[in-house]
1. Viscosity 1.002 mPa s, temperature 20 °C: give me the Stokes-Einstein translational D for the chain in µm²/s, with Rh taken as the Kirkwood radius over C-alpha pairs.
2. What relative contact order, as a whole-number percentage, does the chain give when Cα pairs under 8 Å and 6 or more residues apart are counted?
3. What are the aspartates and glutamates whose alpha-carbon lies under 16 Å from the alpha-carbon of residue 85, with same-chain residues fewer than 8 places away excluded?
Amino acid sequence: MGWGASVAVNGKRVSSPLDTGTFAAVRRKWKSGDHVDLELPLTLRLEPINDKHPDVVALLSGPLVLFPMNDAPGITRSQLLAAKKVAAQRWQTETSSGLLNLLPFTAIEDERYSTYLKLA
């Protein structure tokens, strides 16, 4: 059963979902300007700041830390893990105080941000 990774050449998918630990072989006559896209599933996970504070966490998507752009008092573990990618470099999740926007570091400009959130 595939784990969700896929390969596309010039916008057309050329492989079915790949199994973990396998390679995608793309055999074709390559032309100048061909474009290869690799899509990897990046699972959301929470990383605590340390063992003494398991309720102070950062949200990660694969290797990316997603920085909250606004306060989220009372946010729960399930609300954070329900974050959805809504743009190329933006995630959102619903909290009891409204939408929480999250960005990877490379997308932050002049906004105020934080790395860790305290879970309710």
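1. Numbers: Rh = 16.5 Å.
The estimated diffusion coefficient comes to 130 µm²/s.
2. Working: 216 pairs, mean separation 25.8, N = 120.
Contact order relative to length: 22 percent.
3. By straight Cα distance, residue 85 reaches 39, 94.
Read-outs: derived from the displayed coordinates by stated rules, not from any lab. Please read all numbers here as calculations on a predicted model, not as lab measurements.
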